[in-house]
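For reference, the structure discussed in these notes is given below.
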Amino acid sequence: MEFTHVSVLLYEAVDGLNIRPDGIYIDGTAGGGGHSAEILSRLTSGRLYSIDQDPDAIATVTERFKDDDRSTILQGNFGDMKALLNDVGVYAVDGVLLDIGVSSHQLDDGSRGFSYHEDAPLDMRMSQSGETAADLVNTLDVGELSRIISLYGEEKYAFSIAKGIVRAREIKPIETTLELAEIVKENVPQKVRRDGHPARKTFQALRIAVNHELDVLESGLQGAFELLSQGGRLSVITFHSLEDRIVKQFMRDKAQGCTCPKDFPVCVCGNKPKVKIITRKPILPSDEELERNPRARSAKLRVCEKL
C-alpha cells in the first residue's frame, strides 16, 4: 500500500532550515516524502538523508527518490539519528527537520489499528514490530493504565476508563479497535460522548506509549543538536501539547546563558547559549492550509539555530 501523507507546514518548516544548496540535511520523519521532496528541490550539490521506521514509508520514499543521487534513505527511528548517520559516515549536518506524530497513512489505513472509526486489530505500532496496544490493555494493571491514559492522553476520566478496561478483559481479551472504543465510551459520562469521540484521548495515549514517542522525541532532539554544525537549523513540527512542551523546553534550555544567581557580581558558571531561537512564538498553519487539511489544526512549528 502506498504511503500517502499530507505534509503540514511544508514550506514554513523547510524555510526554517535556511537551506544552503550544497548543504547536508536530515528529514528525520520522512513519511510519504513531502518535506524530503521540498528539501531536495532546494539542493544542487547538497545531500539529504531521509529516515523513517515504518516499512511502508521506506518503500514509498525509496521508490519516489530512486533516481535522485542526492537522496539516501535510512530505515530506523529518528531517536537514533546520530547513530544512523554515523553508520554511513556522516558526523555533521546543516539542518534537521522533524514532523512528529502519526501520519495520514497510518490513520487512514484501518488495518494499522490507530483509528477508533474502523474495526481492526488493536496494533498502533509505527515500526510494525514490537509490543502492540492490545498487549498493553490486556496486561498492564489498572494503576499503570490509568497513568498512561492520564499522562499521555490528558484524559480527565483515565481511572474510570482503566477500570473499565480491566473489567472487560476479565471476560475476554480486548483485541480490536472498536472493542476498546466501546469500552471507553461506556466508562465516561454522557456529556463527554457529545464532545467529539470519547476514545480520542485514550487512543492517543496508547499510541504514544506503544511507540515510546516522548522518549524518542527527547533523544531525537539531542541527537539532532549534536549532529548540527555551527549555524545549522533544527525545525520541529508537533501536534499536541506534550510534544510541544518538550520541544519548547529543549530549545529554551539550549538557549540559556549564565545560570548564576542574580546577585553574583560576575559569572562563575561559564554557561553560554548553545542555540538561538528563531521562532519566539510557534508558527501555526494558515487558514488556507486548515481549509485544505483540517488535521493540521493542532500543528506548531519551532525552529532554532546552533551557535
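The values are calculated or read from the model by the stated rules, or taken from the named source; none is laboratory data. The shown structure was predicted, so the numbers you read here are calculated from the model rather than taken from an experiment. Because the Cβ atoms are built from the backbone with ideal geometry, glycine has one as well, and the counts that use them run over all protein chains shown. Ligands, DNA and RNA are stripped out before the accessible areas are found, and what is left, the full protein with its side chains, is counted by its heavy atoms. Shrake-Rupley method; radii C 1.70, N 1.55, O 1.52, S 1.80 Å.
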Enter the accessible area per residue of the chain (Å², integer; probe 1.4 Å; all protein chains in place).
-> 48
Extension gain, ARG280 back to THR176 (0.36 nm per residue minus Cα-Cα distance, nm) = 33.2 nm
Residue span LYS163 to SER45: 0.36 nm per residue of separation minus Cα-Cα distance leaves a gain in nm of 36.7 nm
For ALA205, what is the net charge nearby, where nearby means another residue's Cβ is under 11 Å from its Cβ and Lys, Arg count +1, Asp, Glu -1?
-> +1
Ordering 67-74, 208-215, 80-87 by per-residue average of other C-beta atoms within 10 angstrom, highest first, gives 208-215, 80-87, 67-74
Regarding the chain, what are the three Cα extents along the principal axes, ordered largest first, in Å?
-> 61, 60, 40
Packing rank of 291-300, 156-165, where each peptide gets the mean count of other beta carbons within 10 Å, highest leading | 156-165, 291-300
Take the cross-link list LYS248/LYS281; LYS163/LYS185; LYS262/LYS306; LYS272/LYS306 and give me the ones stretching past 19 Å between alpha-carbons.
-> LYS262/LYS306
In percent, how large is the relative contact order of the stretch 138-242, given Cα pairs closer than 8 Å and 6 or more residues apart?
-> 27
Near GLY153, within a Cβ-to-Cβ distance under 11 Å, what is the net charge of the other residues, with Lys and Arg +1 and Asp and Glu -1?
-> +3
Projected label distance in nm at HIS197 and ASP87, using a 7 Å step from Cα toward the beta-carbon | 3.4
Tell me, how many Å apart are the Cα centres for the stretch 15-51 and for the stretch 196-271?
-> 22
Please give the peptides 114-120, 248-254 ranked by average Cβ packing (other Cβ atoms within 10 Å per residue), highest first, as a rough proxy for protection.
-> 114-120, 248-254
Length gained, SER129-LYS156, 0.36 nm per residue minus C-alpha separation, equals 6.7 nm
Report the label-to-label distance for GLU63 and THR139 in nanometres (one decimal), using points 7 Å from each Cα along the Cα→Cβ vector.
-> 3.4
Would you rank PHE239, PHE264, PHE203 by solvent-accessible area, highest first, keeping every protein chain in place and using a 1.4 Å probe?
-> PHE264, PHE239, PHE203
Calculated from DSSP helices alone, with each H run of at least 4 adding -39500 (n - 2.57) and the total divided by the residues of the chain, [θ]222 nm to the nearest 500 comes to -12000 deg cm²/dmol
HIS35, HIS240, HIS197, reordered so the largest accessible area comes first (probe 1.4 Å) | HIS197, HIS240, HIS35
Compute the Kirkwood hydrodynamic radius of the stretch 172-264, taking the inverse of the mean of 1/r over all pairs of distinct Cα atoms, and give it in Å to one decimal.
-> 16.8
